[in-house]
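Since the structure comes first, as structure tokens, the remarks are kept for the end.
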Amino acid sequence: MVCQSFDGFWCLDSDSLFWHLFRGGGGLISDNPIMALLPGLLLFGAATLLRRTQSHLFWVKLALAISTLAHGLILIDAANLWGGEMAGGSVAIASILLCLVLYPLYDDDSHRFLSCLLAVVCLSVWMLINDFWPLIHLELLVELILLSVVFMYRPNLWVLRPLGCAMAIAVPGTLMLTLLPADQFSAVGWPAKVVLTLCLIWLYQWLAGGWKAFRSEPMVIAVLAAVCLAAVTTPEVLAALGL
């Protein structure tokens with residue numbers, strides 16, 4: 001769809017714009033996977049430059065669409081480089097690297113949020129496909145640590161807020177993997193219970209002003225309640241309490 005905005009700018013509907021960019025970008029993928037990196041990198045550079053130099057809504061949306069296209073090209077190329085059983089791992093690594101590099105460069109909260117969430121999704125899918133279930137609980141721990149750093153220890157660093165919001169969504173999403181049918185996957189829930197219970201106890205001491213507060217009777221009761229709750233409920237309930 002094409003429309004004329006009130007200030008005279010001609011613009012495309014964002015969905016149509018993204019579709020045309022992605023369809024045109026598909027022809028940029030080279031038969032040589034290494035050479036296919038170049039279009040993606042050039043698009044990243046163009047999107048970053050456009051976002052830093054323009055503030056009009058049309059150009060902001062255009063930069064986001066170009067960056068999304070570049071993500072697709074790079075991830076496809078990463079899968080083609082290694083292929084086979086390594087494809088999922090290479091895509092996960094590429095998405096994490098893109099997040100780490102673009103987070104400080106691309107000054108846009110939506111882009112930062114989506115980039116962080118994409119990295120978590122790609123990593124989770126890789127672990128799901130390869131049945132690396134012990135790593136899921138490690139991923140959960142990392143997400144909780146990042147979440148606490150952003151909202152509890154560095155609340156004034158607004159640049160980290162998109163990361164914190166992405167982790168807040170990633171925590172329940174990661175826990176959903178432990179609820180998959182046992183006859184298809186070998187996931188177990190008790191390590192997640194241990195991680196979340198320890199995080200709740202740590203959260204209690206932070207709220208109370210330090211570990212010395214555990215000498216008081218209310219804090220002892222709170223810790224015992226958290227341990228008892230972990231013994232009879234699911235990790236999702238503990239995560240909901242923590243969030």
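The values are calculated or read from the model by the stated rules, or taken from the named source; none is laboratory data. Since we're looking at a predicted model, the values are computed, not measured. All Cβ positions, glycine included, derive from the backbone under ideal geometry; neighbour counts span all protein chains shown. Areas reflect the complete protein model, heavy atoms only, side chains present, ligands, DNA and RNA absent. Shrake-Rupley method; radii C 1.70, N 1.55, O 1.52, S 1.80 Å.
Quick one: what pairs do we get from the range 214-243, first residue in a helix (DSSP H, G or I), second at pLDDT below 80 and among the aromatic types (Phe, Trp, Tyr), C-beta under 8 Å, 6+ apart or different chains?
From residues that are in a helix (DSSP H, G or I), the pairs are Val220/Phe214; Val223/Phe214.
Does Thr174 meet the test of being under 11 Å from the mean Cα position of the chain (by Cα) and either outside any helix (DSSP H, G or I) or at pLDDT below 90 (or both)? If you could, list the steps in order and put the result at the bottom.
Details: under 11 Å from the mean Cα position of the chain (by Cα): yes; either outside any helix (DSSP H, G or I) or at pLDDT below 90 (or both): yes.
So Thr174 passes the test.
Report, by residue number, each residue of the range 103-126 that is in contact with a Phe, Trp or Tyr (Cβ under 7 Å, 6 or more places away or on another chain) and not hydroxyl-bearing (Ser, Thr, Tyr). Lay out the reasoning, then the answer.
Taking the range 103-126 as the starting set, the residues that turn out to be in contact with a Phe, Trp or Tyr (Cβ under 7 Å, 6 or more places away or on another chain) are 112, 115.
Within the range 103-126, Arg112 is the sole residue that qualifies.
Quickly run through the range 86-127 and pick out the residues that are aliphatic (A, V, I, L, M) and open to solvent by less than 50 Å² (accessible area, probe 1.4 Å). Before the answer, list the steps.
In the first step, residues of the range 86-127 are kept if they are aliphatic (A, V, I, L, M); the result is 86-87, 91-94, 96-98, 100-102, 105, 114, 117-121, 123, 125, 127.
Hits for the range 86-127 are Ala87, Val91, Ala92, Ala94, Leu98, Leu102, Leu117, Ala119, Val120, Leu123, Met127.
Taking the range 57-88, which residues are modelled with pLDDT of 85 or more and touching a Phe, Trp or Tyr at 6+ places or on another chain (Cβ under 7 Å)?
Hits for the range 57-88 are Phe58, Ala65, Ser67, Thr68, Leu69, Ala70, Gly72.
Does the range 206-225 contain at least one residue that is under 22 Å from Cys165 (Cα atoms) and open to solvent by less than 60 Å² (accessible area, probe 1.4 Å)? Steps first, answer last, please.
Initially, the range 206-225 is screened for residues under 22 Å from Cys165 (Cα atoms), giving 206-207.
Now drop any that are not open to solvent by less than 60 Å² (accessible area, probe 1.4 Å), which leaves none.
No; the residues of the range 206-225 include none that is under 22 Å from Cys165 (Cα atoms) and open to solvent by less than 60 Å² (accessible area, probe 1.4 Å).
Return the residues of the range 56-85 that are of a type in the set (A, V, I, L, M, F, W, C), open to solvent by 20 Å² or more (accessible area, probe 1.4 Å) and either in contact (Cβ under 8 Å) with a residue 12 or more places away in the chain or in contact with a strand residue (DSSP E or B) (Cβ under 9 Å, 6 or more places away or on another chain) (or both); say none if nothing qualifies.
Of the residues in the range 56-85, the ones of a type in the set (A, V, I, L, M, F, W, C) are 57-60, 62-66, 69-70, 73-76, 78-79, 81-82.
Retained after the next criterion (residues that are open to solvent by 20 Å² or more (accessible area, probe 1.4 Å)): 57-60, 62, 64, 66, 75-76, 79, 81-82.
Those that are of a type in the set (A, V, I, L, M, F, W, C), open to solvent by 20 Å² or more (accessible area, probe 1.4 Å) and either in contact (Cβ under 8 Å) with a residue 12 or more places away in the chain or in contact with a strand residue (DSSP E or B) (Cβ under 9 Å, 6 or more places away or on another chain) (or both): Leu57, Phe58, Val60, Leu62, Leu64, Ile66, Leu75, Ile76, Ala79, Leu81.
Do you know which of the residues in the range 148-184 that are free of Cβ contacts under 8 Å to residues at least 40 places away in the same chain and in contact with a Gly (Cβ under 6 Å, 6 or more places away or on another chain) is surrounded by the most Cβ atoms within 10 Å (Cβ to Cβ)?
Val150
Given the criterion modelled with pLDDT of 90 or more, closer than 27 Å to Arg52 by Cβ and out of contact with any helix residue (DSSP H, G or I) (no Cβ under 7 Å at 6 or more places or on another chain), identify the matching residue among Leu114, Leu146, Leu163.
Details: Leu146 fails: out of contact with any helix residue (DSSP H, G or I) (no Cβ under 7 Å at 6 or more places or on another chain); Leu163 fails: out of contact with any helix residue (DSSP H, G or I) (no Cβ under 7 Å at 6 or more places or on another chain).
Matching residue, one of Leu114, Leu146, Leu163: Leu114.
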